[in-house]
1. Multiply the residue gap between TYR271 and SER70 by 0.36 nm, knock off their C-alpha separation, and tell me the result in nm, one decimal place.
2. I want to make sure I understand the PRE zone here: with the label point 7 angstrom from the Cα of LEU95 toward its beta carbon, which residues in the range 115-133 have backbone N atoms less than 15 Å away?
3. Over 31 Å between Cα atoms: which of LYS247/LYS273; LYS81/LYS229; LYS78/LYS321; LYS89/LYS247; LYS229/LYS273; LYS93/LYS171 fall into that group?
4. What are the ³J(HN,Hα) couplings of the range 233-250, residue after residue, when phi is run through the Karplus curve with 6.51, -1.76, 1.60 and θ = phi - 60°? Round to Hz, x for glycine and proline.
5. Which whole-Hz couplings ³J(HN,Hα) result when phi for each residue of the range 287-301 is put into the Karplus expression 6.51 cos²θ - 1.76 cosθ + 1.60, θ = phi - 60°, listed in order with x for Gly and Pro?
6. Taking neighbour counts of Cβ atoms within 10 Å as a proxy for exposure, in what order, fewest first, do THR129, THR168, THR285 appear?
7. Amide H to amide H, which residues 5 or more places from ILE159 or on other chains are under 5 Å from it, using H placed in the peptide plane?
8. Could you list which residues have their amide H under 5 Å from that of THR84, counting only those 5 or more apart in sequence or on another chain, with H placed in the peptide plane?
Amino acid sequence: MRLAERRDESTVRTAGSRGPALMVMLAIGFGACSLLGCSRSEPGPAPRGESADVATPPAEAPAKDSGARSIEFRVESKPVKSLTAEALKKKVKPLRIEVFEPYEHANVVFTALPLEQVLDEAYGPSWRTHEAILFSCRDGYEPTIPVRRILDHRAFLAIDRLGDVGFTILKDEEGQKRRIELSPVYVIWENLDNARVRTEGDYGWPYQVVRIDLVSFRSRFQEMAPPAKSSATVLAGFDAFIAHCSKCHAINGHGGAIGPELNYPANPTEYLKEAWLRKWIDQPTLMRIAPRMPPLNPDLPDRARIIDEIVAYLGAMASHKVEPGTP
Ligand code: HEC
């Protein structure tokens, strides 16, 4: 059944996943920002007034879309279907969606397909019973978003942008503005009328998404999980790590590939003083000039506690190493 083009605005969109949820080990951190997207870049504390000038000719001309815009759909790592953005567009009605775009810090209008309808097209209705969706981006970025989040809020796969800059955004990378091609698809969230989605979710969204995989936390994050008897702080830190860090960093060989592996063979709690580890998370610019790593979302509520928890989790993993590649 197709969803109505505009869902009733009274639809509950506030995150339901905060607080004690089904999977004690995994639920808590997911209420937080990055589940709505990811923070491959640092939209961070950018100069608010100076929104990216979309009219400026791009330093690198946006590559004209080649037509090869295939997205692979998987279930628990097994490929089930491959669809191009063009094929999806024929099956799911594209809408014009205006959002507050977190990289440009400005309102941008995209042509976009409701994510729920795309998932129905790819998987049938059964995707709703899965725990999470892992998005894989061309550059090794791997954010995970709980299915709950997608049901509670309005997410879209953007396939084009209105205006004359092509399907691109202007993004701050290591202190320089670069124009980034978003194709095949860019995951965006309706956030103009939802303050909570704004503060929690406006922190990097996955673009150049080439793969969508339905996963369960247990199977996907097995090697990253701390021992079951770990303290509540460590378990909460695991949630937070998956929400905020695993999209770029691997633990025991599992996770994103934008930043370095953080457990095997050496864990940062073994070679960094705790104060320096905290700086990496809190404000990487205190560690490196123009770091590629963004700070933990500055708008997160309970940010200090989340940092404590992540540090506790990393500490626990130091004595829980699994050589990557070993089953
Ligand atoms: C957008 C991708 C990204 C995210 C998200 C991210 N990091 Fe990083 N991280 C990097 C990159 C890239 C580096 C390598 C240094 C650099 O270029 O900034 C790095 C470096 C580090 C380092 C230093 C490691 C070393 O040996 O030098 C630590 C520690 C670290 N990250 C921890 C974290 C934690 C904890 C989180 C979650 C709160 C996190 N990172 C989130 C990309 C990311």
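Read the figures in this text as sums done on the coordinates, not as results from a lab. Being a predicted model, the structure only gives us computed values, none of them experimental. Note that we place each Cβ from the backbone using ideal geometry, even for glycine, and neighbour counts take in every protein chain shown.
1. 68.2 nm
2. Once the point is set 7 Å along Cα→Cβ of LEU95, 115-120 turn out to lie under 15 Å by backbone N, inside the range 115-133.
3. Table pairs above 31 Å Cα-Cα are LYS81/LYS229.
4. Result, ordered by residue: 5, 5, 5, 5, x, 5, 4, 5, 4, 5, 5, 10, 10, 5, 5, 10, 10, 9 Hz.
5. Here the 3J(HN,Hα) series is 9, 9, 6, 6, x, 7, 7, x, x, 3, 2, x, 8, 5, x Hz.
6. On the way: THR129 8, THR168 22, THR285 17.
Going from sparsest to densest Cβ surroundings: THR129, THR285, THR168.
7. THR111, ALA112, LEU113
8. Those qualifying (amide H under 5 Å, at least 5 residues apart or on another chain) are ILE71.
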